[in-house]
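Read the figures in this text as sums done on the coordinates, not as results from a lab. Quick caveat: nothing in here was measured; it's all calculated off a predicted structure. Every residue, glycine as well, gets a Cβ built from its backbone with ideal geometry; the counts of neighbours run over all protein chains shown.
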Amino acid sequence: MDNFACYHSRMRGFITRFALVFSVVALAGQVPATARDAEPAGTRWSFAIHGGAGTISREDMTPEEDAAHRAALQAALDAGSKVLDEGGTAMDAVEAAILLLEDEPRFNAGRGAVYTWEGSHELDASIMDGATRDAGAVAGVTNIRNPILLARKVMTDSPHVMLAGKGAEDFAVEQGIEIVPPSYFDTERRREALERMKARQLSSLDVDLKFGTVGAVALDTAGNMAAGTSTGGMTGKRWGRVGDAPIIGAGTFADNRSCAVSATGWGEYFIRVGVAHEICARLRLQGYGAGPVPHTSSEDGEVMVAVALPLVSEVAQKIADEVMADVKQLGGDGGIILLTPEGHALFSFNTAGMYRGRATSDGVNEVAIYGND
Ligand code: ASP
């Protein structure tokens, strides 16, 4: 189905003056309601989250683990949905959900962050406002309880987009962001993964089996989008390695003209493909968000106005799948969550499963784990 439909307004027999007015209205982006019947009402909101993708199969999960993961995802989904349902901003919804996921040790972000090779924790996070394309990110922080809050502070209270390491931590102190002792991030499960990795000379993919990065994307009732991502990175990372999560355009991207994306996966590949930006750019270049495009012919006073109509979810899904296939082709794996300006909440992953959830003002509310969930 064509995502850029032409709306033909035939005005045969009408006086030219009316045709002209119609064109001007269309150009101003205020196409009469009838021309945009396919679009949902303006009060619509939409929300999606993830808690990482990977080798996640029913056989490997106990019923208790399955239930606990679903409960944690549901709590985060509900927190973001509540913000949006009450008319809050996409940025606040993203932050609310990620805060909970960072505090939940089951996910590789905040409290449950994986270990570096040296046995410490280095956390990365980013957030982006699709309305303004303002963004903030932190990389390699060791004592910030909720890196997503610090990433947002970088955006709102510094002239920069990304701060790293000690400088980011100094900035956090200045901004009154909660500092915790590095031991706050110590968990038995993650320590055991590092030890197993070292003992058996495994790669981080072998020990982790799944990526536990968390992320959220939101569309609020004002039509603004936001995306955020937070992670502990990959087990056994060394030399100050930074993955895709704090890199705007790789792990996180939001642009009201196209989409909001948060990613999880083997960060090096997501950086090389520029996954989040690549998906949004492909959507935007479909003519998406370009607004009404004049397409006039003056024969017999006929006026035709081409209007950018909502992208059908199939097209957005196809684009996301193609970009993920590109990641796979290079040798990487993982997944993304995606929102379109119309509120389509989509997932794409080339792994067996992905912890995920989505909710919309239309009543969708679901969490899932496995590929065939
Ligand atoms: N993308 C993250 C990284 O490479 C890992 C993850 O998704 O869990 O740091």
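Taking Cβ atoms as reference points and 13 Å as the exclusive limit, the residues near Gly363 contribute a net charge of -1, counting Lys and Arg as +1 and Asp and Glu as -1. Each of Lys198 and Lys82 was given a label point 7 Å from its Cα along the Cα-to-Cβ line. The distance between the two points is 4.1 nm.
Loop-located GluC sites (Glu not before Pro) across segment 130-218 with a Cβ neighbour count of 16 or fewer within 10 Å are Glu178, with loop assigned by DSSP.
With a ≥ b ≥ c the root eigenvalues of the C-alpha gyration tensor of segment 321-373, is it rounded (a/c under 1.5), prolate (a/b larger than b/c) or oblate? Because a/c hits 1.5 or more and a/b fails to exceed b/c, segment 321-373 counts as oblate. Residue separation of Met61 and Ala222 scaled by 0.36 nm, minus their Cα-Cα distance, works out to 54.0 nm of gained length. Taken along the Cα-to-beta-carbon direction at a fixed 7 Å, the label points for Gln329 and Ser120 span 4.0 nm. Gain on full extension, evaluated as 0.36 nm per residue between Glu174 and Arg70 minus their Cα-Cα distance, stands at 33.8 nm.
The GluC sites (Glu not before Pro) of segment 37-123 that DSSP puts in a loop, and whose beta carbon has at most 14 other beta carbons within 10 Å, are Glu86, Glu118. Seen from Gly353, the other residues with C-beta closer than 12 Å to its C-beta sum to a net charge of -2, counting Lys and Arg as +1 and Asp and Glu as -1.
Are there chymotrypsin sites (Phe, Trp or Tyr not before Pro) in segment 169-263 that DSSP puts in a loop and that have at most 13 other Cβ atoms within 10 Å, and which ones? Those that pass, being in a loop and sparsely packed, are Trp239.
Label point of Asp134 set 7 angstrom out along Cα-Cβ; within segment 163-190, amide nitrogens under 17 Å from it belong to 163, 175.
If the only charges are +1 at each Lys and Arg Cβ and -1 at each Asp and Glu Cβ, what is the size of the charge dipole of segment 95-232 around the Cα centre, to the nearest 20 debye?
The calculation lands at about 400 debye.
If you take all other residues with their beta carbon under 12 Å from the beta carbon of Pro246, and give Lys and Arg +1 and Asp and Glu -1, the sum is -2.
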